[in-house]
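The values are calculated or read from the model by the stated rules, or taken from the named source; none is laboratory data. Everything numeric in this text was worked out from a predicted model, so none of it was measured. Note that each Cβ is placed from the backbone with ideal geometry, even for glycine, and that neighbours are counted across all protein chains shown. Only protein heavy atoms, including side chains, enter the accessible area calculation; ligands, DNA and RNA are left aside. Shrake-Rupley method; radii C 1.70, N 1.55, O 1.52, S 1.80 Å.
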There are 6 protein chains.
Amino acid sequence: MHAIYPGSFDPVTMGHIDIILRAAAQFDELTVAVLINHNKKGLFTIEERLDLLRESLKEYPEIKIESFSGLLIDYAAKKGEPVILRGLRAISDFENEMQLALANKNSNRNIETLFMVSNPKYSFLSSSLIREIAAFQGDVSNLVPPAVEKALRLKYKEGL
Amino acid sequence: MHAIYPGSFDPVTMGHIDIILRAAAQFDELTVAVLINHNKKGLFTIEERLDLLRESLKEYPEIKIESFSGLLIDYAAKKGEPVILRGLRAISDFENEMQLALANKNSNRNIETLFMVSNPKYSFLSSSLIREIAAFQGDVSNLVPPAVEKALRLKYKEGL
Amino acid sequence: MHAIYPGSFDPVTMGHIDIILRAAAQFDELTVAVLINHNKKGLFTIEERLDLLRESLKEYPEIKIESFSGLLIDYAAKKGEPVILRGLRAISDFENEMQLALANKNSNRNIETLFMVSNPKYSFLSSSLIREIAAFQGDVSNLVPPAVEKALRLKYKEGL
Amino acid sequence: MHAIYPGSFDPVTMGHIDIILRAAAQFDELTVAVLINHNKKGLFTIEERLDLLRESLKEYPEIKIESFSGLLIDYAAKKGEPVILRGLRAISDFENEMQLALANKNSNRNIETLFMVSNPKYSFLSSSLIREIAAFQGDVSNLVPPAVEKALRLKYKEGL
Amino acid sequence: MHAIYPGSFDPVTMGHIDIILRAAAQFDELTVAVLINHNKKGLFTIEERLDLLRESLKEYPEIKIESFSGLLIDYAAKKGEPVILRGLRAISDFENEMQLALANKNSNRNIETLFMVSNPKYSFLSSSLIREIAAFQGDVSNLVPPAVEKALRLKYKEGL
Amino acid sequence: MHAIYPGSFDPVTMGHIDIILRAAAQFDELTVAVLINHNKKGLFTIEERLDLLRESLKEYPEIKIESFSGLLIDYAAKKGEPVILRGLRAISDFENEMQLALANKNSNRNIETLFMVSNPKYSFLSSSLIREIAAFQGDVSNLVPPAVEKALRLKYKEGL
């Protein structure tokens, strides 16, 4: 069973890493897929996000790391209709995710979405929160992989 | 009993159509009211949205289709204080709608808001989801009326 | 347009009265319908609940007050398929009500449920809360009609 | 990848069947597991529930159908630590399920819970709703498999 | 500033202990108050619950431990109108707690309720979950204080 | 016990005032703290917001009114680690607030967040709703202090 775990990963957090490692232990094949969104300028470029994922997951070479653009459902169809894996942290996630899962199902009846509950330790965590804390030089060391922490420091130093 | 069903309708979806037809069967008079929001550029112009509503509802000439600007509560007062009708799809709708209903009630004690539950088939559906799917040439044929599907195709061809 | 407002009303609260009076101002005809539930012994008998409703609404003789047993949808069909009116106080109400509305719709496509938002003053109010406060001789004077307050005092004195 | 889909199934509904068939198409192995709860007398006996599942799924002999007692996590450990599959219909499900998933994870770090979103057509559906409608001779024909409809009719005739 | 932390504590969990210790660090005075509910037979007697609290908090003699019966608001009035402290774990807690806080405020305008967010580690934890796991000899060692774990073992051995 | 009540206050509403006065009655010291957000241009300048707070609370000179920039947690650390006070109106507030409280706790274990439930009269109220109503010359007289009403009238006259 092949699963793709899509997201913006701008940047990857320990909440994502937790889901990725738990999923890698269950699924035969796991692809982490970074969404290219041309309308929304992120903090990190797609190339940087892929590099941070690769660096953070370098001990798990069996996990594939890719980027894609366009509709998730079209990307999934091209990959042979794997399941889509999503993490659930909280109610607001849930409702949004439920609508996306149903919309995807409406477009392609063969593609299922499966959800995994976030570790409660990371239930408050999001990439946008990380960007906000880092912008004010707050401590994010227990919330992101070391490579991300270093990249954030450089990013905000550049900004000075 | 007269009801107005306000919204942006950018564009009208099958979820809206479902509420409109069910409401038309219950209320003596029904007005679909397109909100003119000068601060937010939509995909379709107000005139296009009205045309798409008229085309999609042409078999129901008893349903009035109008636009309005300013506060909904002022528009409703001018129309003789009909009830305001809103669709509920999900929790996130609910809370926002509840606050609007209470805010309207606070401004004019005579104007009530009534809610109707969306058909679960369309519970994941929103105009913004339609715009997003259409932007990537995804299939929206069972989610919008035929006139809207055609208009979306033209709109995104224009974009090329 | 005829609406029925069903419930247990064990006992009727100011939250119910608020919905009833606002609905009576909008609908051509309004029937308050007390559900007879043989499986659940209430605090007040069905006859007492009807009496308390009649006493509390005696200035509004145009509002009908009845009881019914069996499925709401069957009762509504016998009454000529009026709309069902329900109050919404909070999220937990919402989800339960949404499921009931969809279940009713599934059984009879002609019967619609409309929702009205509770006055926030009464958003914390339920018949079970009233019974609990009254059981400990707490003050419920601003939460129920005078007739109910008196009946609760007698009921709990009887219990001694 | 092996999944177990646990529940009370008192009785199995079309909502359950929808999840079961979609899961069977994705997982290498699927076991439907009926929880034996000695503290809660159900409408159907465990043996009847298993029979209704077997009859409703007889075209899918690859799907295993079993019962278990005690903690789900102990049952899952004995089965070789498959993933636990659960359906999500609504927010109230979500929160409860999230707590169960975390509690299970706390007991056995190797056992994951995966969630699948219910078909919105069945989002209002639960076994308890079925029992309630059937008790009043309401129509449940599009909500349960034919074998369950027949069993409910017999069950409530017995009751007369 | 004096706070009372009311609850059933049947039995006290690590989630309660976390709130109690964090509150003790902030408030000048803290009283843990066990509600005596004559209508609901618990697993532990009120005396046992008080003993388990005393044993679990013996290193913090400044924390008062008491029981009360009747309405919380009357108990609080007798104690000189301290604030009421409650823990919030999840949405379902929130709504129920919000209604209780408003009901208490309605009865006595001087008594405020303050909420503290549970440690996410314990966000899935409740006394009823503990009772359920312990009934099946599941492991609760990281979810309750040692004294409670021992008491649960004795309690369920007694049951044999 | 010292509490800080942070927010944007663009502008202060009766919902804020209600929380502030109730908190002032409970805490030994209360500081209202206006967040300076350089990325988001508000309707009122920070200086205007402080003036409107001072004018609205001039009968309560014991309440401190300040502004701060950067992370709330850093500001709180500089102020001697008071508790952070937040109002809760609705579920959507709740989840967001819960995440912020946990994020703050993660950064500084000594700083607690306490929540107070909004008066239900103001449960629909937010600064953004006020700005929207005022922009259309709607009536906000019972939703904001008199000084704010006057300032809004001037602000939108300037706009002409």
Charge dipole (debye, nearest 20) of segment A:1-116; +1 at Cβ of Lys and Arg, -1 at Cβ of Asp and Glu: 260
Cβ-based charge dipole, segment E:2-158, positive-most Cα from E:108, E:130, E:16: E:130
Per-residue ³J(HN,Hα) for segment B:149-154, Karplus 6.51 cos²θ - 1.76 cosθ + 1.60, θ = phi - 60°, Hz, x for Gly and Pro: 4, 5, 5, 5, 4, 4
Accessible surface of chain A [probe 1.4 Å, protein heavy atoms]: carbon and sulfur percent: 50
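Is there a simple number for the mean count of other chain Cβ atoms within 10 Å of the Cβ of residues in D:124-135, and what is it? It would help to have the intermediate numbers written out before the result.
Numbers: counts 12, 5, 2, 0, 0, 3, 1, 0, 3, 5, 0, 3.
Other-chain Cβ atoms within 10 Å of each residue's Cβ, averaged: 3.
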Karplus-derived HN-Hα couplings along segment D:22-28 (A = 6.51, B = -1.76, C = 1.60, θ = phi - 60°), whole Hz, x at Gly and Pro: 5, 5, 4, 6, 10, 8, 5
Mean-position separation - Cα centroids, segment E:99-160 and segment F:34-82, in angstrom: 38
Accessible surface buried upon E-F contact (total; probe 1.4 Å; Å², nearest 100): 2300
Computed [θ] at 222 nm, deg cm²/dmol, chain B (DSSP H ≥ 4; -39,500 (n - 2.57); rounded to nearest 500): -13000 deg cm²/dmol
Reduction of at least 50 Å² in accessible surface, 1.4 Å probe, comparing all protein chains with the chain by itself, residues of segment C:66-88: C:71
Helix axis angle, C:46-56 relative to chain C longest principal axis, alpha carbon, degrees: 90
Placed amide H near residue D:44: partners under 5 Å, 5+ positions off or other chain: none
√(5λ) per eigenvalue of the Cα gyration tensor, the protein assembly as shown, largest first, Å: 37, 37, 37
Helix axis angle, D:91-107 relative to chain D longest principal axis, alpha carbon, degrees: 40
Interchain or long-range residues, amide H under 5 Å from residue D:69's placed H: D:36
Solvent-accessible heavy-atom area per residue, rounded to whole Å², over the protein assembly as shown at 1.4 Å: 45
By average C-beta atoms within 10 angstrom, highest first, the peptides A:43-50, F:2-9: F:2-9, A:43-50
Segment E:108-160 - charge dipole about Cα centre, Lys and Arg +1 at Cβ, Asp and Glu -1, debye rounded to 20: 100
Per-residue HN-Hα couplings for segment F:64-76 [Karplus 6.51, -1.76, 1.60; θ = phi - 60°; Hz; x = Gly/Pro]: 7, 10, 9, 10, 8, 10, x, 6, 3, 5, 6, 4, 4
Across C:64/F:121; B:64/C:64; A:41/F:41; E:121/F:78, pairs whose alpha-carbon gap is larger than 23 Å: C:64/F:121; B:64/C:64; E:121/F:78
Under-5 Å amide H pairs with residue E:144, H placed in peptide plane, nonlocal only: E:14
